[in-house]
Amino acid sequence: SPPGSAGKETYVPGDPEAMARFDFEGPVLYNPAQDVKDHSIVIVDGVFHIFYIVANERNFGHATSTDLVHWTFHEPVLERGATGAWDSRDIWAPCVVPLEGSEGYFLMFYTGVNAASAQQTGLAYSSGDLRVWTKASAELMEPFGCDSSWCNWAVDRYCHFRDPSCLEDESGCYIT
């Protein structure tokens, strides 16, 4: 043990290939027509649905499978916003979760990037047909960026705030 470690030991495998590696843009799905990036998978009635960024980062792809090997590719399910919108440049990092207490409804949190490259988290929802998604209006959820009390975030300049994810415990589901 290193000096000062008071008996605490850290195990590092001798073979780097044995270590865990994570690549959120890794090869989880192959589509010969487009690169697949950031993804989210849900299962409904024995069918896996994967939502992912396509190579142009302007929309989310959708594919289905019953065995995670053979996939059927569908039309894109969500596109970036119109010129001037909070998500007008790119959309990234879909995070799909079922809406608790509403059978068949799903929420998709995602990162939107505006023309100034400021990143914000927004929301889209599906009411049962996972091929159809609607962006939430500002009345339902105003896209949000970092709490500027702990980071230097502004809507009019390049700044990070991205990749929403779901954390669930016994007290509820949290989008981080």
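At-a-glance table
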quantity: Residue count for the stretch 134-149, restricted to those that are surrounded by 13 or more Cβ atoms within 10 Å (Cβ to Cβ) and either among the charged types (D, E, K, R) or assigned to a loop (DSSP other than H, G, I, E, B) (or both); calculated: 6
quantity: Residue selected from the stretch 68-82 under the condition in contact (Cβ under 8 Å) with a residue 12 or more places away in the chain and open to solvent by 40 Å² or more (accessible area, probe 1.4 Å), by the criterion nearest to residue 156 (Cα to Cα); calculated: 80
quantity: Hits in the stretch 83-95 (condition: among the polar types (S, T, N, Q) and either in contact (Cβ under 8 Å) with a residue 40 or more places away in the chain or open to solvent by less than 20 Å² (accessible area, probe 1.4 Å) (or both)); calculated: 88
quantity: Subset of the stretch 51-67 (residues that are among the β-branched types (Val, Ile, Thr) and modelled with pLDDT under 95); calculated: 53, 54
quantity: Scan of the stretch 126-143 for residues that are of a type in the set (A, V, I, L, M) and over 15 Å from residue 79 (Cα atoms), ordered by number; calculated: 138, 140, 141
quantity: Residue 59, sole failed condition from (1) under 17 Å from the mean Cα position of the chain (by Cα); (2) open to solvent by 70 Å² or more (accessible area, probe 1.4 Å); calculated: (2)
quantity: Number of the exception - residue 131 against (1) in contact with a Gly (Cβ under 6 Å, 6 or more places away or on another chain); (2) in a loop (DSSP other than H, G, I, E, B); calculated: (1)
quantity: Residue list for the stretch 73-98, restricted to those being of a type in the set (Ser, Thr, Tyr) and either under 19 Å from the mean Cα position of the chain (by Cα) or not in a loop (DSSP other than H, G, I, E, B) (or both); calculated: 88
quantity: Number of the exception - residue 70 against (1) closer than 20 Å to residue 34 by Cβ; (2) more than 19 Å from the chain's Cα centre (by Cα); (3) modelled with pLDDT of 95 or more; calculated: (3)
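Residue by residue, here is whether (1) over 23 Å from residue 161 (Cα atoms); (2) crowded, with 19+ Cβ neighbours inside 10 Å; (3) in contact (Cβ under 8 Å) with a residue 60 or more places away in the chain holds:
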{"residue": "48", "(1), (2), (3)": "yes, no, no"}
{"residue": "97", "(1), (2), (3)": "no, no, yes"}
{"residue": "119", "(1), (2), (3)": "no, yes, no"}
{"residue": "122", "(1), (2), (3)": "no, yes, no"}
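The values are calculated or read from the model by the stated rules, or taken from the named source; none is laboratory data. A quick note: this is a predicted structure, and the numbers were derived from the prediction, not measured. Note: ideal-geometry Cβ built from the backbone for every residue, glycine included; neighbour counts use all protein chains shown. Accessible surface areas use protein heavy atoms only, side chains included; no ligands, DNA or RNA. Shrake-Rupley method; radii C 1.70, N 1.55, O 1.52, S 1.80 Å.
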